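Please treat every number below as a calculation from the coordinates, not as lab data. Every value quoted in this text rests on a predicted model; they were computed, and no experiment measured them. Cβ atoms come from the backbone with ideal geometry, glycine included; neighbour counts cover every protein chain shown.
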Amino acid sequence: MTHTLFDLGLRPDVLDPLSLPEGIVPARVVADHGTRYHVLSQAGRTPAWLPPITRLAPDGPQRPAIGDWVLLNPAEDPPHITAILPRRTAMSRQGTGLVTHQQVIAANVDRVLVVVSMNKNMNMNRIERLMAAVEAGGAQPVLVIHKADLDPTGQRAALARLGPVADLAPVVFTSVVLDGGLDPLEPFLGRGITLALVGSSGVGKSTLVNHLLGREVQVTQSQRLDDDRGRHTTTTRSLFVLPDHRGVLIDTPGMRELALWSGDGIGAAFADVESLKERCRFRSCTHQGEEGCAVQDALDDGTLETRRWDNHKKLEREAEWMARRQSKTGQRQRGRAFSKMVRSLKKDSW
């Protein structure tokens, strides 16, 4: 099946296809296999290869991620990716392991569906962390309380548990069991819109993908009966085109951990806390008992939940630590690049 570039999510402000050199076409990354990729263009799906020189783009991403737009020559066999276009948005995290590096979860996304399950394991700290990561990447977060059939009468209690988070992003309740249980997602779908699903293992993302696509593309498993938690099924990121011009969907593996790559989204995810901090009597308030501290007053009268304040401080400390770590890594990388250039110049002059 063929799709227009707009169907695949390409925006005119990213690229004007008419300005491309002859034979070069835009395509969207749908699968990542290291230096080999699968991309989707108007001509359909095709494998593509990333030459080493492309990975050194100084003003853009060094490697494509799922959702990225790239340029390639389909006449080559296999086609080579000649350029990686700048990202409009990118949800990222610190990659696993000891090396400091950015791992892009999904690129060029308009809305991120933060999926949690309607059960006793609705972890607020995890939800706030995911919201901060989405906000940092520039996309709109939508909180999806899935498996609403587990407690059809519990929506009011769930909203109360969400507290201020429910005022900071749209909240919808969904179920693939209840009749019309996915209708609340329709306002967020649409032609040219790119969505991503993120959440912990077992919250039902794969089931949502299958029902939105109208076919079985992701393996699903039932919940574990002993702890009311689902089993991890999806292991790779995938991009799908929804039927009936309803947009593009990126499914991601369940994340057991999410180390923030940037603290830019913390303020938006904790807008209520930031508002309190601005109302403190003193600009230098440390919120540790000073007179006129609006944060302490809110904690005392219960307006601000202690758990939420503690999580806010934890994420801020983590973001500050990550910024220092990135700065040191960047300095080392620039130093190595400079040394390499000097060695090259000496060699050429000799």
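Quick notes on this one:
- Residues 174, 236 arranged by fewest to most Cβ contacts within 10 Å: 236, 174
- Computed label-point distance, nm, for sites residue 305 and residue 186 using a 7 Å Cα→Cβ extension: 3.2 nm
- Taking 0.36 nm per residue of separation and subtracting the Cα-Cα distance, full extension of the segment from residue 215 to residue 6 would add 72.9 nm.
- A Förster radius of 30 Å combined with the Cβ-Cβ distance from residue 123 to residue 279 puts the calculated FRET efficiency at roughly 0.55.
- Length gained on full extension, residue 264 to residue 149: 37.9 nm, using 0.36 nm per residue less the C-alpha separation.
- Check: segment 91-251 dipole with +1 on Lys, Arg Cβ and -1 on Asp, Glu Cβ, in debye: 360 debye
- Per-residue Cβ neighbour rank within 10 angstrom, fewest leading, 266, 193: 193, 266
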